[in-house]
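> Have a look at the structure that comes next, please.
The values are calculated or read from the model by the stated rules, or taken from the named source; none is laboratory data. Treat the numbers as computed from the prediction; the structure is a model and nothing was measured. With ideal geometry, Cβ positions are generated from the backbone for all residues, glycine too; neighbour counts draw on all protein chains shown.
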Amino acid sequence: MNSRRQFLTASASALLASTVSRANPKGYPYSEFEQRIARKDFRGMTKDVLPTPCMVVDIDMFEKNLKTMADFAKKAPINLRPHVKVHKSVDIAKRQVALGAIGITAATIAESELMSNGGIKGVLWTKQPGSYNNLLRAVALTKKDPTFMFVADDFGVVDRVEEAAAAAKVKCRVAVSVYAGLTRQGIANGKPALELAQKVDSSKHISFEGFMAYSGYASHTKTFAARKKKTAEDLAGVNETVALCKKAGMKVGIVSGGSTGTYNMDHEYGLTELECGSYVFMDSIYKQVGGKTDDAVYTDFESSMSVLTTVDSKHHAGQVTTDYGNKAMAQLTDVVKDKAWLQVDKQGAEYGLLRWKDGGGEIKVGDRVEIYCSNLDMSTNCYDRYYIAKGNDIVDVWPIMGRGGAAQR
Ligand SMILES: Cc1ncc(COP(=O)(O)O)c(C=O)c1O
């Protein structure tokens, strides 16, 4: 009896195994894929079974990047308020805060709401509420989360913030956005910035927090020496403004700015906190700005995130078709991981192209290729989740949030 039961059990297992292996040569039951992700059951899930194109994060490199930046900030010392626009992930923001970040920086009111609702304190929104929609949301978020802060570079906007904050009976926290070399936003330094800061400071329902000064052109200036020179030039006016405010008896709480490219120089030029974002993953363009020890490659942070793609067709000399097309944000400046002989090209919405010259290497239909994207913000905005990998194994999945629809603006 006992042996009969054993025989039946063994037969059933063999049948199940053969069904699974027929359905999926790698032995992974793909029909259960989404359910397993929902219950965070990653047993047997490897990069090989992932749907492509998709974003994959190398957890070891990613954690190293977070630690490098956190350690630097502690040592400098300078506060860290990392920018989330590159990752749009509450999971990542929480890890940054756990390593000492004083909050996070956000590009939109939607990102700010997302992070605050995710439990992150000290959110700094670096755009002023120009529209009525954004104004009401900024005031509502302040009411819910008094640690939330945003910027203003316009006298009229400050009037409207004061009015809306008074109506809602809240005190909004505002940093004045000043020009730091990037012709995108920021009031002129000196007298105009001082006067705006004084207006904010004397508003009953607004508290003056300090300044936001993002030196965006410095971040990607090639070579460490040139970047340092540009940072010094871009922040000189900001420092004059801060000095004027202090002379006028005002308390300047923060001077926020900086980037992955300038993180290790900004503290020398008056910033009190860093808004670096890209360092978590790095993109192919940032890798080329050069570092302290190498003018050609920026090695301070690892390329921890890649887009996994599949070779779908091969019929023409020197090229294969992939699923990494325009909708997946394919760019000519992307870089193929570990296969320098392959060049990313474009072919259509869902069709990508990899080209190479003779003598490169072997590549065939079904091969998986990993690609470092050119601009993290843009690429992240096209994907729903990060697959977190330890080597070839998937160990977690983090959603990419707040990236589409009117409510996300
Ligand atoms: C306002 C602001 N602060 C900081 C950054 C720095 O980000 P990163 O470290 O990715 O260069 C950016 C990037 O665009 C930004 O817009």
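> Specify which of the listed residues (V255, V242, V320) is outside the structural domain of I104 (by TED's automatic domain parsing), buried (at least 18 other Cβ atoms within 10 Å of the Cβ) and at pLDDT 95 or above.
So the residue among V255, V242, V320 that is outside the structural domain of I104 (by TED's automatic domain parsing), buried (at least 18 other Cβ atoms within 10 Å of the Cβ) and at pLDDT 95 or above is V320.
> To continue, here is another question. Given A197, A193, A180, which one is assigned by TED's automatic domain parsing to the domain that holds L141 and either within 16 Å of the ligand (Cβ to nearest atom) or in a strand (DSSP E or B) (or both)?
After ruling out the rest, the residue left standing is A180.
> Right, here's the next one. Specify the residue that is farthest from the ligand (Cβ to nearest atom); the eligible residues are those in the range 278-301 that are in contact with a strand residue (DSSP E or B) (Cβ under 9 Å, 6 or more places away or on another chain) and in a helix (DSSP H, G or I).
If we take residues in the range 278-301 being in contact with a strand residue (DSSP E or B) (Cβ under 9 Å, 6 or more places away or on another chain) and in a helix (DSSP H, G or I), then K287 is farthest from the ligand (Cβ to nearest atom).
> Going by what's in this entry, would A138 be described as of a type in the set (A, V, I, L, M), surrounded by 15 or more Cβ atoms within 10 Å (Cβ to Cβ) and more than 24 Å from the chain's Cα centre (by Cα)?
Here the answer is no, as A138 does not meet what is asked.
> Something else now. Just need a number here: residues in the range 349-359 that are out of contact with any Leu (no Cβ under 7 Å at 6 or more places or on another chain) and either in a strand (DSSP E or B) or at pLDDT below 95 (or both).
Going through the range 349-359 one residue at a time, the tally reaches 6.
> Looking at V311 and the list (1) assigned to a loop (DSSP other than H, G, I, E, B); (2) at negative phi, which single condition is not satisfied?
Every condition holds for V311 apart from (1).
> Return only the number of the condition from (1) outside the structural domain of Y179 (by TED's automatic domain parsing); (2) away from the ligand (no atom under 16 Å from the Cβ); (3) surrounded by fewer than 20 Cβ atoms within 10 Å (Cβ to Cβ) that N375 does not satisfy.
Single failed check for N375: (2).
Yes/no per residue for (1) touching a strand residue (DSSP E or B) at 6+ places or on another chain (Cβ under 6 Å); (2) among the aromatic types (F, W, Y); (3) more than 20 Å from S89 (Cβ to Cβ):
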position	(1), (2), (3)
K357	no, no, yes
E362	no, no, yes
Y372	yes, yes, no
S379	no, no, no
R385	yes, no, no
I388	yes, no, no
G391	no, no, yes
V395	yes, no, no
P399	yes, no, no
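> Pull out all pairs, ordered by first then second residue, where Cβ-Cβ is under 6 Å, the residues are six or more apart or on different chains, the first lies in the range 356-374 and is farther than 11 Å from D312 by Cα, and the second is among the β-branched types (V, I, T) and part of a loop (DSSP other than H, G, I, E, B).
Qualifying pairs under 6 Å: S374/I285; S374/T333.
> Checking the conditions here, which among G325, G261 is among the small types (G, A, S) and outside the structural domain of G100 (by TED's automatic domain parsing)?
Among G325, G261, only G325 is among the small types (G, A, S) and outside the structural domain of G100 (by TED's automatic domain parsing).
> Here's something else I'd like to know. Could you go through the range 159-166 and let me know if any residue there is surrounded by 17 or more Cβ atoms within 10 Å (Cβ to Cβ) and in contact with a Ser or Thr (Cβ under 6 Å, 6 or more places away or on another chain).
Looking through the range 159-166, at least one residue is surrounded by 17 or more Cβ atoms within 10 Å (Cβ to Cβ) and in contact with a Ser or Thr (Cβ under 6 Å, 6 or more places away or on another chain).
> If you don't mind, another one. What is the number of the single condition among (1) of a type in the set (A, V, I, L, M, F, W, C); (2) assigned to a strand (DSSP E or B); (3) over 14 Å from Y372 (Cα atoms) that V344 does not meet?
Looking at each condition in turn, V344 falls short on (3).
> Select, from S215, S203, the only residue that is closer than 23 Å to A140 by Cα and touching a strand residue (DSSP E or B) at 6+ places or on another chain (Cβ under 9 Å).
That would be S203, the only listed residue that is closer than 23 Å to A140 by Cα and touching a strand residue (DSSP E or B) at 6+ places or on another chain (Cβ under 9 Å).
> So if I check each of N392, N381, N375, N326, which one is closer than 24 Å to K67 by Cα and under 22 Å from the mean Cα position of the chain (by Cα)?
It is N375.
> Would you say Y387 is in contact with a Lys or Arg (Cβ under 9 Å, 6 or more places away or on another chain), modelled with pLDDT of 95 or more, hydroxyl-bearing (S, T, Y) and outside any loop (DSSP other than H, G, I, E, B)?
yes
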